[in-house]
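First up is the structure itself, then whatever we jot down about it.
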Amino acid sequence: MTGVAPVDSASVARAAWARATAALDARDYANARREVDRAASAWPTQSAYLWGRANAALLTSVNVAAATNR
């Protein structure tokens with residue numbers, strides 16, 4: 001960390017987004033959602049992270065519903 005808040009926040013967001021992408025590739029939707037939430041929280045003005053948060057929430061709910069046959 002650099003000690004410069006915007007730089008550190010952006011770095012945290014990018015790292016979380018990379019982990020979210022890897023989790024999505026592995027179909028680990030719960031982990032992907034957690035990492036997308038982390039990215040969106042670290043850099044809330046980045047619209048891609050906010051859209052990612054919405055998509056991850058949808059994927060998580062769809063997979064929970066499928067697993068429980070709702």
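Take every Cα pair under 8 Å whose residues are at least 6 apart in sequence, average their separation, divide by the length of the chain, and the relative contact order is 27 percent. Here the spin labels are modelled as points 7 Å beyond Cα on the Cα-Cβ line, and at T45 and R27 they lie 3.9 nm apart.
Nearest 10 degrees is fine. How inclined is helix 47-67 to the longest principal axis of the chain, computing both from alpha carbons? Approximately 20 degrees, to the nearest 10. A Cβ-based charge dipole, computed about the Cα centre of the chain with Lys and Arg at +1 and Asp and Glu at -1, lands at about 160 debye. Structural size metrics of the chain, computed from C-alpha coordinates, are Rg and Dmax of 13.3, 48 Å.
Helix 5-25 sits at what angle to the longest principal axis of the chain, using alpha carbons and giving 0 to 90 degrees rounded to 10? Once rounded, one gets 30 degrees.
Packing, taken as the mean count of other beta carbons within 10 Å per residue, orders the peptides 37-44, 2-9, 53-60 from highest to lowest as 37-44, 53-60, 2-9. Quick one: angle between helix 29-42 and the longest Cα principal axis of the chain, in degrees between 0 and 90, rounded to 10, please. The helix 29-42 is inclined about 30 degrees to the chain.
Where a number appears in this text, it was derived from the coordinates with a stated rule and is not lab data. Keep in mind that this is a model prediction, so the values were computed, not measured. When we count neighbours, we look across all protein chains shown, and the Cβ atoms used for this are built from the backbone with ideal geometry, even at glycine.
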